[in-house]
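Report on the following structure.
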Amino acid sequence: RLLTDILANTILQINGTVNYGLARLTVPQGVANMGRIRLVTTSDDWMQKGSYLKTENGFLTNGAQGVIEVLAGTGDGRAIEGNMLNHGQITVESGATLEIGGIAPVFVQAAGRIASDGFFLMNMGRFEMKGGKAEGIVRLYDSTVLAGAEVVQPTTLRLVGAGCRLVGNLSPMI
């Protein structure tokens, strides 16, 4: 359990392994990342040894200097469980998937960048594109999507599943 912000020049690696099993870090409401969080797993034995970042009661804020990296490693899952507010950078390496999940998660892209050479996947939540940009594969499965007028960079969002709902697109760049 993380009790304080992740400061600049700090690297926090959440690493699921064959020897130690899955890795899950829980962060309470109000915690901000100003450093670097790495989600990686070195297990591919289908025994659920992935790496998970779980938020409680509110949002994890990825600050303007914050970076969340999803490294390819090997096969088990990498996920953010809960709500997230992004002002920084999220990168997903080729061959990796970042799943945003949990119970009705909310992801707000307020500024900064999502750079997905792999897959950025939101499952059954709410995705709000209010600023910054998203590059690569950003797939929103059975989710509610809102695109704000502040989006000024060309962005492609892939809405999939019968439960997807576009509740507003105020930007000509989406």
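The values are calculated or read from the model by the stated rules, or taken from the named source; none is laboratory data. Note that the coordinates shown come from a computational prediction; the quantities given were computed from them, not determined experimentally. Heads up, the Cβs are rebuilt from the backbone with ideal geometry, glycines too, and the neighbour counts pull from every protein chain shown. Surface accessibility is based on the protein's heavy atoms, side chains included, excluding ligands, DNA and RNA. Shrake-Rupley method; radii C 1.70, N 1.55, O 1.52, S 1.80 Å.
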Scanning the range 76-104 residue by residue, those open to solvent by 50 Å² or more (accessible area, probe 1.4 Å) and more than 18 Å from A23 (Cβ to Cβ) turn out to be H87, Q89, S94, G95, I103, A104
If you take the residues of the range 133-152 that are more than 16 Å from the chain's Cα centre (by Cα) and under 21 Å from G88 (Cβ atoms), which of them is surrounded by the fewest Cβ atoms within 10 Å (Cβ to Cβ)?
V152
Of the candidates E135, E150, E99, E128, the one satisfying the condition of being modelled with pLDDT under 95 and not hydroxyl-bearing (S, T, Y) is E150
If only one of T26, T74 is in a loop (DSSP other than H, G, I, E, B), among the β-branched types (V, I, T) and more than 20 Å from V138 (Cα to Cα), which one is it?
T74
Identify all residues within the range 55-75 that are open to solvent by 10 Å² or more (accessible area, probe 1.4 Å) and over 17 Å from F127 (Cα atoms); write none if there are none.
E56, N57, A64, Q65, V67, E69, L71, A72, G73, T74, G75
Does the range 78-96 contain at least one residue that is in contact (Cβ under 8 Å) with a residue 40 or more places away in the chain, under 23 Å from P172 (Cα atoms) and within 10 Å of the chain's Cα centre (by Cα)?
yes
For the range 5-39, how many residues are closer than 17 Å to A96 by Cα, at pLDDT 90 or above and buried (at least 20 other Cβ atoms within 10 Å of the Cβ)?
2
How many residues of the range 86-144 are in a loop (DSSP other than H, G, I, E, B) and not small (G, A, S)? The answer is 7
Name the one entry in G161, G125 that is in contact with a Phe, Trp or Tyr (Cβ under 7 Å, 6 or more places away or on another chain) and surrounded by fewer than 18 Cβ atoms within 10 Å (Cβ to Cβ).
G161
Here's a check for you: in the range 153-174, which residue that is among the hydrophobic types (A, V, I, L, M, F, W, C), assigned to a loop (DSSP other than H, G, I, E, B) and more than 20 Å from the chain's Cα centre (by Cα) is modelled with the highest pLDDT?
A162
On the basis of being of a type in the set (G, A, S), in a strand (DSSP E or B) and touching a Pro at 6+ places or on another chain (Cβ under 8 Å), does G82 make the cut?
yes
Of the conditions (1) among the charged types (D, E, K, R); (2) more than 18 Å from E93 (Cα to Cα); (3) surrounded by fewer than 17 Cβ atoms within 10 Å (Cβ to Cβ), K130 clears all except one; give me its number.
(3)
